[in-house]
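Colleague: The structure under discussion is supplied below as structure tokens; questions concerning it will follow.
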Amino acid sequence: MIPYGRHSIDEDDISAVVEVLRHGTLTQGPKIAEFEREFAVRVGARYALAVSSGTAALHLACMAAGVGPRQRVVTSPITFVASANCARYVGADVVFSDIDVATLNLAPAALERCLSQHDHVAAIIPVHFAGLPCDMPAINVLAKRAGARVIEDAAHALGATLPDGSRVGACKHSDITTFSFHPVKHVAAGEGGMITTNDESIYRHLLRLRSHGINKGNDPYLVPEASVTGGDANLWYYEMQELGFNYRITDIQAALALSQLSKLDRFIERRRQLVARYDAAFAGMPDLLLPQQAGRQHSAHHLYVVRINFDRLGTSRAAVMSRLRERGIGTQVHYIPVPAHPYYRQMGYRTEDTPNAANYYAEALSLPLFFGIEDTQQDRVVEALLGVIRP
């Protein structure tokens, strides 16, 4: 079976983990700080903070951005549910703004209309879908006009660049960026996430939130008299200064992710080659459209998504996926629109309110794309898909 996605682990990765197991600190140790430093340099941000998952990163980002009850967060309907759920975690309402049919990202024109129709928008969470960066300069202008923070969801986009040459994660047009190290991502840590920012106050707040709300570094004590006895420092003393979480990553995960990070350029280059081969194989097919053509050179290529007109072909997506599976080809759909999930539907959300997203979902199919897939396996995927939709 050729899966739609798969991590790539080599002996260097294994050795990095074993080294920590044999000689290192397993958690809250130096490997995490090393990973954070290297990551910040890689994306061009002042600060990077590693956490237990991409979802944890989004949750803490909303908290550090000051999002809370009676406020709204705007995001894309075509994303994993975590991009919206993070707003609900802090008591905010979610507003879904429609996507652009070509990029599959938030459409700035639709976002402008959305912001004009809703007040109390505290944050906008643009999602760099499939690795293609959103139009961040335009989104940032709209956010500033609305008085909203910008939190980039870059779970798909590690290694991507903006047209101006800046890297996703540098926060050139945002306040915060979040990443994921789930096994199907470019850099795998088992689970894990990262938050980048250039704002020191946000970073210091994130440090506390990651670890139970306890003071970190040179945070001033709120009850300083309790920190000393007779002029001597109470070396055991610490303060929980706000309600935080245990969202820490381990040194074991950081060691694996750090080793993977060193291979990121190679991972992305191979994905670009694979995308170009798919594009060539499917070019000119009227019932199989290839979105995100503009910006291929900037994308991190996390997914390869096609749009298939199943109705015109006289078949269904379920049938196509089943027949591909019979031929040893795994596929997936990214994503069920978030408003279509029962949790959001029962709150009154409707997919009809974002028609571009609804139309995309009816036709979307993700094909296998990962570093380790061989050309011959990719050829099998192409042959199988064409055989199923053009029997």
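The values are calculated or read from the model by the stated rules, or taken from the named source; none is laboratory data. Note that the structure is a prediction, hence the values are computed from the model and not measured. Here the Cβ positions follow ideal geometry from the backbone for every residue, glycine too, while neighbour counts run over all protein chains shown. When the accessible area is computed, the model is the full protein with side chains, heavy atoms only, and any ligands, DNA or RNA have been set aside. Shrake-Rupley method; radii C 1.70, N 1.55, O 1.52, S 1.80 Å.
Colleague: Per the helix-only calculation at 222 nm, which mean residue ellipticity applies to the chain, given -39500 (n - 2.57) for every DSSP H run of n ≥ 4 and division by its residues, nearest 500 deg cm²/dmol? Don't skip to the end; give the middle numbers.
Modeller: Details: 14 runs with 150 residues, N = 391.
Dividing the helical sum by the residues of the chain leaves -11500 deg cm²/dmol.
Colleague: Quick one: helix 108-117 against the long Cα principal axis of the chain, what's the angle to the nearest 10°, folded into 0 to 90?
Modeller: 60 degrees
Colleague: For K185, which lysines qualify as cross-link partners when the Cα separation must be under 25 Å and same-chain residues fewer than eight apart are set aside?
Modeller: Output for K185: K31, K172, K263.
Colleague: Given contacts defined as C-alpha pairs under 8 Å and at least six residues apart, what's the relative contact order of segment 160-228, whole-number percent?
Modeller: Values: 64 pairs, mean separation 13.3, N = 69.
The value is 19 percent.
Colleague: Where the accessible area of segment 1-154 is counted over protein heavy atoms with a 1.4 Å probe, how much of it, in %, is carbon and sulfur? List each step's numbers first, then the result.
Modeller: Working: 3210 of 6280 Å².
Taking all protein chains in place, segment 1-154 shows 51 percent carbon and sulfur surface.
Colleague: Would you kindly find the accessible area of S15, with a 1.4 Å probe and non-protein molecules such as ligands, DNA and RNA excluded, rounding to the nearest 10 Å²?
Modeller: 70 Å²
Colleague: With all protein chains present, how much of the accessible area of segment 236-391 (probe radius 1.4 Å) comes from carbon and sulfur, to the nearest whole percent? Let's see the in-between values first.
Modeller: On the way: 3800 of 7450 Å².
Ligands and nucleic acids excluded, carbon and sulfur reach 51 percent.
Colleague: Restrict the search to segment 317-391; then list the trypsin sites (Lys or Arg not before Pro) that DSSP places in a loop and that have at most 14 other Cβ atoms within 10 Å of their Cβ.
Modeller: Details: sites: R317, R323, R325, R327, R345, R350, R380; in loops: R327, R350.
Loop-located and lightly packed - R350.
Colleague: Within the set of other residues whose C-beta is less than 14 Å from the C-beta of P355, count the net charge using Lys and Arg as +1 and Asp and Glu as -1. Please list the in-between numbers first.
Modeller: Numbers: positive: R113, R350; negative: D98, D100, E352, D353, E363.
That sum, taken over residues with Cβ under 14 Å, equals -3.
Colleague: So, for the chain, what is the accessible surface per residue at a probe of 1.4 Å, expressed in square angstrom?
Modeller: On the way: 17050 Å² over 391 residues.
With all protein chains present, the chain gives 44 Å² per residue.
Colleague: Right, next: Once each part is reduced to its C-alpha centroid, what is the distance from segment 34-58 to segment 298-356 in angstrom?
Modeller: After rounding, the separation between the Cα centres reads 31 Å.
Colleague: Relative contact order (percent) for the chain, with alpha-carbon contacts under 8 angstrom and 6 or more residues of separation?
Modeller: Numbers: 796 pairs, mean separation 89.2, N = 391.
Value for the chain: 23 percent.
Colleague: Of the trypsin sites (Lys or Arg not before Pro) in segment 1-103, which ones lie in a loop per DSSP and count no more than 14 other C-beta atoms within 10 Å? Walk me through the numbers before you get to the answer.
Modeller: On the way: sites: R6, R22, K31, R37, R42, R46, R70, R72, R88; in loops: R6, R46, R70.
Answer in residue order: R46, R70.
Colleague: Another one. Quick one: dipole size for segment 64-202, taken about the Cα centre, charges +1 on Lys/Arg Cβ and -1 on Asp/Glu Cβ, in debye to the nearest 20.
Modeller: Values: 10 positive and 13 negative charges, 27 e Å.
Once rounded to the nearest 20, the dipole reads 140 debye.
Colleague: Step through the residues of segment 260-269 one at a time and calculate ³J(HN,Hα) from phi using the Karplus curve (6.51 cos²θ - 1.76 cosθ + 1.60, θ = phi - 60°), rounding each to whole Hz and writing x for Gly and Pro.
Modeller: Working through the residues one at a time gives 5, 4, 5, 9, 4, 4, 5, 4, 5, 4 Hz.
Colleague: Which longest run of the chain has no exposed loop site in it, a site being chymotrypsin sites (Phe, Trp or Tyr not before Pro) in a DSSP loop with at most 15 other beta carbons within 10 Å, and the site itself not part of the run?
Modeller: Numbers: sites that count: Y221, W236, Y237, Y238.
In the chain, the maximal stretch lacking such sites is 1-220.
Colleague: Shape call for the chain from the C-alpha gyration tensor, a ≥ b ≥ c root eigenvalues: rounded (a/c under 1.5), prolate (a/b greater than b/c) or oblate?
Modeller: Details: a/c = 2.26, a/b = 1.45, b/c = 1.56.
Oblate.
Colleague: In terms of the Cα gyration tensor, with a ≥ b ≥ c the square roots of its eigenvalues, is segment 171-225 rounded because a/c is under 1.5, prolate because a/b exceeds b/c, or oblate? Before the final figure, lay out the partial values.
Modeller: Values: a/c = 4.61, a/b = 1.78, b/c = 2.60.
Judged from the Cα gyration tensor, segment 171-225 comes out oblate (a/c at least 1.5, b/c at or above a/b).
Colleague: Which whole-number percent gives the relative contact order of segment 221-377, counting Cα pairs below 8 Å spaced six or more residues apart? Could you put the intermediate results ahead of the total?
Modeller: Values: 123 pairs, mean separation 34.4, N = 157.
It comes to 22 percent, rounded to a whole number.
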